[in-house]
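Below is one structure, written out as structure tokens, with a few remarks after it.
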Amino acid sequence: MVDLKLYDSLSRSVRTFAKLGARPVGIYSCGPTVYARQHLGNMRPYVFADLLRRTLVSAGYAVKHVINITDVGHLTSDADEGGDKVELAAARANTSALEITEHYTALFKADLQRLGVAAPDVWAKASAHIPEQIAMIERLEAGGFCYRSADGVYFDTSRAPHYGELSGLRASLEHSRIGVDQAHKRHPSDFALWKFSSDEGPRRQLEWPSPWGRGFPGWHIECSAMASKYLGDQFEIHTGGVDHIAVHHSNEIVQAEHALAVRPWVKYWMHGAWLTMEGVKLAKSAGLAPNLDDLSALGVSATAFRYYLTTAHYRSPLDLSLEALRAAETGHQRMSHFVERHLQESNASTTPADDEWRRQFFAALYDDLDAPRALAVLWCILADSSLPPGARAQLIAELGAVLGLSWKSARAVHGDEQALKLLEDRQRARAERDFIKADQLRAELLERGFAIEDGPQGPSLRRAR
Ligand code: AMP
Ligand code: ZN
């Protein structure tokens, strides 16, 4: 097996990857809460998980990937207070919780498809796994790791000496600074496993009977219960966003390790960094939540957005601006043009130089998924005039696929081979300083409905509006 290195948030170190046993490598990715349309920031963790999956496959591993859909139990506050996000959205829209969650789940899956994120082996919906969650809480209860209070059943973090090892926050001490009303908990870091339906106010749409009373599961228990159902009591990789470290994943670790009597439950914890705009995190709550449709209205394709995400390491925050997106669109188009133009000239023979480029590409990827470095190798290949263009196009297509990049969008954006040809003619005219001809070609393109944009990485076409 190849030497694949991954950063593990728990040990806070880059470690050589080793799988656990004969089963496929298990990856569990915390999924979205489907009460609203997912914004561009929400897409980033799944593009990162997709890159991880593709990298493992390219390294020769069989992989089983699970993504969950949170359709119940995610409250507006991480401190187990506030309303259920799905129930609140359903009330706001005056519709059923089921309608809300089905609508946004379908949009989420369609968005991932547009980004070239492969569907996971299992989509695990929280509301479809209530018995598994109850069974896990029962095991915790049997071990004396939880208690019942007026509004629910809580995990007792004072019984878990390792609590907080992921975040570095010690149980109770730092959590006591949350400063909210925690009357139902013995310790501020304790968390809800099961919440009772309230007898006051409107009746919940999502609730089930349980050994403790009518109610619904806490958000954290769903992930632990579904991960162990599909991936076993121990598995290799759990992914999420950096926001999951302090509470959600810290809670997942203690409840799973105590319910399943294993340690470690998960071998590698991996977390993706924020997507920001002018330094501010994209978030629905902040009203900063552009989605893929907003991008395409600006003339930026989903594939170009994926290309843009590939320009940053998954652990580095990435700032979004229209200028940067347009540069990514141009870069992606330039590479697409090259691949589309020369792919049919390629033949199957591989030269030693190809192998050197492959080596450099995978060295980058196996170094904790260094996608920007791997992408830079693709640009070096494009510029390597010692290789015939057909061989370069073939290599870029093959290695680009490992990054989840697709080269079809250029054609989709242009929709017209003739327009591509006119763009090339115009480039040639400009190179020959025949500016009159270049302007004529620009006008001809406009007539066909295409505008030319000259960016730092060369000219590209955009549908004129
Ligand atoms: P949520 O639906 O809020 O639970 O978020 C779903 C996923 O999107 C989680 O993994 C979050 O970590 C992630 N996420 C939310 N906002 C951003 C952002 N601005 N940048 C990157 N990831 C984000
Ligand atoms: Zn989760």
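Quick notes
- Estimated 222 nm signal from helices in the chain, with DSSP H stretches of n ≥ 4 weighted -39500 (n - 2.57), rounded to 500: -13000 deg cm²/dmol
- With Cα atoms, 0 to 90° folded angle of helix 130-142 axis to the chain main axis: 50
- Backbone HN-Hα couplings from phi across segment 388-393 [Karplus 6.51/-1.76/1.60, Hz, Gly and Pro as x]: x, x, x, 5, 5, 4
- A simple rule links phi to the HN-Hα coupling: the Karplus curve 6.51 cos²θ - 1.76 cosθ + 1.60 with θ = phi - 60°, which for segment 367-383 gives 9, 6, 6, 7, 5, x, 5, 5, 5, 4, 5, 4, 5, 5, 4, 4, 8 Hz, with x for Gly and Pro.
- Degrees, to the nearest 10: 219-231 long Cα axis against longest axis of the chain: 70
- Oblate is the label for segment 224-355, because a/c, from the alpha-carbon gyration tensor with a ≥ b ≥ c as root eigenvalues, is 1.5 or above and a/b does not exceed b/c.
- Cα shape, segment 60-109, gyration tensor, a/c 1.5 rule: oblate
- Long-range amide H partners of Cys146 with built H, under 5 Å: Asp156
- 3J(HN,Hα) from dihedral phi, segment 157-164, Karplus parametrisation 6.51/-1.76/1.60, rounded to Hz, x for glycine, proline: 5, 5, 8, 10, x, 8, 4, x
- Overall, the accessible surface of segment 29-171 at a probe of 1.4 angstrom is composed of carbon and sulfur to the extent of 51 percent.
- Calculated FRET value between Ala22 and Val2, using beta carbons and R₀ = 22 Å, to 0.05: 0.70
- Summed residue charge, Cβ within 12 Å of Asp233's Cβ, Lys/Arg positive, Asp/Glu negative: +3
- Each distinct pair of alpha carbons in the chain adds a 1/r term; the inverse of their mean, the Kirkwood radius, is 24.2 Å.
- Summarising the amide proton neighbourhood of Lys64: residues at separation of 5 or more, or on other chains, whose placed amide H is nearer than 5 Å comprise Val25, Gly26, Ile27.
- Amide H to amide H, with H built 1.01 Å from N, Leu10 comes under 5 Å of Trp269, counting only residues 5 or more places away or on other chains.
- With Cα atoms, 0 to 90° folded angle of helix 352-365 axis to the chain main axis: 30
- Fully extending the segment from Arg359 to Val262, taken as 0.36 nm per residue of separation minus the present Cα-Cα distance, adds 31.1 nm.
- Among the GluC sites (Glu not before Pro) within segment 251-288, those in coil by DSSP and having at most 13 neighbouring Cβ atoms inside 10 Å are Glu278.
- Local net charge near Val47, Cβ-Cβ under 13 Å (Lys/Arg +1, Asp/Glu -1): +3
- Pairwise centroid distance, computed over Cα atoms, of segment 376-408 with segment 228-300, Å: 31
- Trypsin sites (Lys or Arg not before Pro) restricted to segment 44-111 and DSSP loop, no more than 15 other C-beta within 10 Å: none
The values are calculated or read from the model by the stated rules, or taken from the named source; none is laboratory data. Just so it is clear, the model here is predicted, and its values are computed rather than measured. For neighbour counting, all protein chains shown are included, and Cβ atoms are generated from backbone atoms with ideal geometry for every residue, glycine included. Protein only, heavy atoms only, side chains kept; ligands, DNA and RNA dropped before computing areas. Shrake-Rupley method; radii C 1.70, N 1.55, O 1.52, S 1.80 Å.
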